[in-house]
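**Q** Encoded as structure tokens, here's the structure I'll be asking about.
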Amino acid sequence: MKNVMVDLETLGNTPGCVILSIGAVWFGPDGLVDDGFYCVLNTDDCMEKYLSQDPDTVAWWQKQSDEARQVLRDAVDPKASVPLRLGLEMFNEYLGPRKREVALWGNGSDFDNAILAVAYKMAEVKPNWEFWNNRCYRTLKNLLPGNKLERVGTYHNALDDAKSQAAHAAELLRAHPALKW
């Protein structure tokens, strides 16, 4: 099994919301395997695909750091963002052709992976991982609370958050060899 940690920045917290950015990184027993994947999606295109914005989440973004809010500016700039379908195809390309081997970790059983699944459906793109290989990082860290997450980079930057979460997940899984990778 090959492990990928994904993190989304969104304009909502339920499946069917606008995705601002996708960050992902491959990881294994020794930690991060690559520099990762980062893509900003165009907000207008997401809404044309019937993805929605949540006013509370939009208001929440206004309280975040200027560095984190850069994604809001990029997501409305056609030169800095890509259409939803293209972004999902790019993510599929990053995951590679061996979809049965990809374990996709998200932060919450009902967040990253579930939001991605709806976006793929709305964009009419098949995801490059099998639904039964969805993994929940939030469950892992709550079952093993002794080791704390050490953040790197900008908090609420999808790639930086994916890297932090992947390094932490690898540490937790190494510390508990009975857990299968």
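The values are calculated or read from the model by the stated rules, or taken from the named source; none is laboratory data. These numbers come from a predicted model, not from an experiment. Here the Cβ positions follow ideal geometry from the backbone for every residue, glycine too, while neighbour counts run over all protein chains shown.
**Q** Tally the residues that are under 14 Å from LEU72 (Cα atoms) and assigned to a loop (DSSP other than H, G, I, E, B), restricting the search to region 16-38.
**A** Total satisfying the criteria: 1.
**Q** Answer yes if at least one residue in region 122-141 is of a type in the set (A, V, I, L, M) and not in a helix (DSSP H, G or I), and no otherwise.
**A** yes
**Q** A follow-up question, please. Answer yes or no: is there a residue in region 48-61 that is closer than 11 Å to ALA123 by Cβ, outside any strand (DSSP E or B), among the aliphatic types (A, V, I, L, M) and at pLDDT 95 or above.
**A** Looking through region 48-61, at least one residue is closer than 11 Å to ALA123 by Cβ, outside any strand (DSSP E or B), among the aliphatic types (A, V, I, L, M) and at pLDDT 95 or above.
**Q** Looking only at region 100-122, count how many residues are in contact (Cβ under 8 Å) with a residue 60 or more places away in the chain, surrounded by fewer than 19 Cβ atoms within 10 Å (Cβ to Cβ) and more than 13 Å from ALA24 (Cα to Cα).
**A** 6
**Q** Further question on the same structure: Those residues that are buried (at least 16 other Cβ atoms within 10 Å of the Cβ) and closer than 14 Å to MET5 by Cβ, I need them from region 123-151; list them, please.
**A** TRP129, ASN133, ASN134, ARG135, CYS136, TYR137, ARG138, LEU140, LYS141
**Q** Out of the residues in region 48-69 meeting the condition of being surrounded by 13 or more Cβ atoms within 10 Å (Cβ to Cβ) and touching a residue at least 60 places away in the same chain (Cβ under 8 Å), tell me which one is nearest to GLY23 (Cα to Cα).
**A** It comes out as ALA68.
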